[in-house]
Structures are given as structure tokens and as C-alpha cells.
1. Could you say whether any residue in segment 218-228 is surrounded by fewer than 17 Cβ atoms within 10 Å (Cβ to Cβ), outside any loop (DSSP other than H, G, I, E, B) and more than 13 Å from the ligand (Cβ to nearest atom)?
2. Residue check, residue 276 against (1) part of a loop (DSSP other than H, G, I, E, B); (2) away from the ligand (no atom under 16 Å from the Cβ); (3) under 29 Å from residue 35 (Cβ atoms), all met but one. Which one?
3. So which residues in segment 279-311 are within 16 Å of the ligand (Cβ to nearest atom) and at positive phi?
4. Any idea which residue in segment 48-67 is farthest from residue 22 (Cα to Cα), counting only those that are within 13 Å of the ligand (Cβ to nearest atom) and assigned to a helix (DSSP H, G or I)?
5. Show me the strands (runs of 3 or more DSSP E) found entirely inside segment 74-173 where at least 1 residues are within 17 Å of residue 309 (Cα to Cα), touching a residue at least 12 places away in the same chain (Cβ under 8 Å) and within 16 Å of the ligand (Cβ to nearest atom).
6. If you take the residues in segment 194-208 that are within 22 Å of residue 30 (Cα to Cα) and not in a loop (DSSP other than H, G, I, E, B), which one is nearest to the ligand (Cβ to nearest atom)?
7. With the requirement that a residue be out of contact with any strand residue (DSSP E or B) (no Cβ under 9 Å at 6 or more places or on another chain) and surrounded by 17 or more Cβ atoms within 10 Å (Cβ to Cβ), what does segment 244-260 give you?
Ligand code: FEC
């Protein structure tokens with residue numbers, strides 16, 4: 001009989017309905033309820049998303065199913081059966097629920113992976129900490145993938161996404177080398193820098209590798225989606241960067257949000273609606289690369305790093 005290995009696939013999580021936005025927002029804010037105005041603003045952003053209010057839920061469901069299929073396909077490791085469990089940071093099923101479900105199913109060995117390629121103590125680090133604590137309580141032996149930001153297949157699929165959009169710019173009459181490629185990721189509080197956090201460096205490494213593989217002539221990195229809190233967040237923000245590029249007489253901009261792997265609020269609202277509106281005011285032509293979602297190439301990256309972690313745990 002094949003040995004079952006659990007895979008805890010962790011993602012940010014999104015509300016299930018507009019009624020669930022308050023609880024979700026309160027969870028993100030570490031138990032502090034938002035003001036009525038903050039809550040309404042967040043609901044408005046979800047409602048403005050084109051093509052569905054909470055796409056992250058379905059996208060994560062599809063990613064988890066696709067990863068399980070990828071892990072169990074092919075001739076390798078027939079003595080092992082991978083069973084994927086979902087664990088969300090801010091919504092049901094929570095990270096702890098996923099670990100509990102594994103334990104209930106008799107899983108004693110598992111790997112945890114986050115659907116975000118770059119490590120920060122404030123992002124992937126907190127997912128791992130919560131999963132580890134619950135795993136110890138439930139007596140599940142767990143190992144964790146911390147980052148996979150330079151995986152060759154990740155760089156390859158992202159560079160193909162960038163090239164495809166540069167082709168579109170060319171078809172629309174732009175000179176390829178005059179398109180400014182903006183790699184972006186979720187901002188974090190500035191204080192991570194004094195903690196020696198690898199997040200920024202890993203993001204720059206991914207950006208550089210993708211730019212090189214896609215033969216991008218002109219690129220830079222920018223932050224996006226900073227939280228609405230009083231402390232300073234890493235900048236420049238993408239909206240300020242667009243204004244700066246307009247001063248530089250740049251006309252064509254391609255955003256590559258390499259810190260994200262799904263279509264969700266931060267991509268579909270912050271880039272496709274908010275940044276697109278600012279670009280329109282500045283007379284910039286802005287495009288965005290397609291999100292990875294459950295692309296088989298992304299699933300190959302995830303299954304490779306999970307399998308490697310299992311080998312390391314032996
Ligand atoms: O579509 C959706 O429903 C969810 C979209 C979503 C993703 C996401 C990813 C990341 N976040 C990260 C860090 C922070 C920190 C704070 C914070 C706040 C918010 C708020 C919303 C939100 N985030 Fe998010 N994030 C998403 C959505 N995020 C909504 C609250 C409103 C606001 O302040 O704008 C500040 C709170 C705190 O101190 O914890 C920090 C990071 C990622 C990328 C890695 C990952 O996916 O985990 C880092 C998707």
C-alpha cells in the first residue's frame with residue numbers, strides 16, 4: 001500500500017460572501033474591527049472586481065486540486081500517495097483546520113507550502129509558524145518549503161508571460177525595448193528591512209532573472225497594495241511609479257506582479273482598476289501579465305519543490 005504524505009497548501013484566503021468581509025477584515029487586522037468607512041471601502045473594492053467578487057477562493061480550490069493531480073501523476077514515487085489539504089491564513093478552512101484534517105485522516109508525515117514564492121517573516125513565516133504549532137499539537141511531522149523564487153520553471157513561465165505581452169505591445173505599434181516592465185509585489189512595513197528579512201532581495205532576484213530570460217531592455221521593481229496602517233510601508237508604490245514614468249516620457253508599461261500567483265483583489269482591483277485608471281489619466285498604455293493560477297507549469301514548480309522537501313525529510 002502506498003504511504004500517504006499530506007501536503008498543506010496554504011494561501012491568503014478570501015471571504016465567502018459580502019457578509020463575511022467584516023470578519024475577514026477583522027482577522028487581517030489581528031482582531032481589531034475596521035471602522036464602518038474602512039469596511040465599506042473594502043466591500044466596494046470587492047464589488048468592483050470584474051468577473052466575480054471573490055475569485056481567490058475558486059482559484060485556490062483549483063490550484064490545490066491541480067497540485068494533487070500533478071504530484072500523483074507520472075511513474076515516479078508509486079509507493080507514495082500525496083493528499084493535499086487547504087489551509088488559509090485569514091478565512092475558512094484556516095491553516096489549523098487543514099492540519100487537523102490531516103491528523104484526522106491518519107497522516108503522520110506532511111509538507112507545507114505557501115502559494116507565494118517569496119519568503120518574509122511577515123508573510124510565509126507566519127503561515128509556517130501557525131502550521132508548525134498545530135502540527136506539533138496534532139503530532140504530524142511536518143517540513144516546510146520556505147521559498148521557490150528562483151525555480152527555473154517559475155522563471156521560465158513568468159518570462160514567457162512577459163514575452164507574450166511584449167509581443168502584444170509590438171503588434172499594437174510600440175517599440176519592444178521602449179516598454180518599461182514593472183515587476184511588483186505586495187508591500188510590507190519598512191521595519192522588515194532592519195530585521196534582515198530576505199523578501200525584498202528575493203523579489204529583486206526573481207525580477208532580474210525573469211527580465212534576463214525574457215530579454216527585457218528596460219525594467220524596474222515597484223511595490224503595490226500597501227496596507228492601510230499608520231506605519232511606513234515599503235515604496236515606491238506602483239501608482240507613484242506610474243506618475244514618475246510619465247515624467248520620464250515613458251509611454252508603454254507592462255506590470256508583472258511576480259509576488260502573486262493568482263487573480264485576486266490585489267491584482268484585479270489594485271492593478272486592473274486602480275493602476276489602470278491612473279495610467280489612463282497619464283496617457284500611459286498599461287498592460288499586465290496573465291496570472292499563473294493553475295497553469296501546469298506552475299503546478300510543476302510546486303510539485304517539484306514538494307517532492308524535493310519529502311526527499312530531504314527522509
Ligand atoms: O482577493 C482577496 O480576497 C485577498 C487578496 C489579498 C492577497 C494578499 C496577499 C498578501 N498580503 C500581504 C501582507 C499584508 C499585510 C497587511 C495586509 C492587509 C490586507 C488587507 C486586504 C488584503 N491584505 Fe494582504 N493580501 C490581500 C488582501 N496584507 C484586503 C486589508 C486591507 C488593507 O489594509 O489594505 C496588513 C495587515 C497586517 O499587519 O497583517 C502585512 C502579503 C501578501 C502576499 C503573500 C501572500 O499571499 O500571503 C505579504 C492575495
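The values are calculated or read from the model by the stated rules, or taken from the named source; none is laboratory data. Values in this document were obtained by computation on a predicted structure and should not be read as measured data. Note that we place each Cβ from the backbone using ideal geometry, even for glycine, and neighbour counts take in every protein chain shown.
1. yes
2. Only one criterion in (1) part of a loop (DSSP other than H, G, I, E, B); (2) away from the ligand (no atom under 16 Å from the Cβ); (3) under 29 Å from residue 35 (Cβ atoms) is unmet by residue 276, namely (1).
3. 293, the sole residue that qualifies.
4. Applying the filter and picking the extreme gives 63.
5. So the answer is 109-114, 141-144.
6. 199
7. 246
One line per residue, one yes/no per condition, for (1) within 10 Å of the ligand (Cβ to nearest atom); (2) surrounded by 15 or more Cβ atoms within 10 Å (Cβ to Cβ); (3) not in a helix (DSSP H, G or I):
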site	(1), (2), (3)
1	no, no, yes
7	no, yes, yes
21	yes, yes, no
33	no, no, yes
43	no, yes, no
46	yes, yes, no
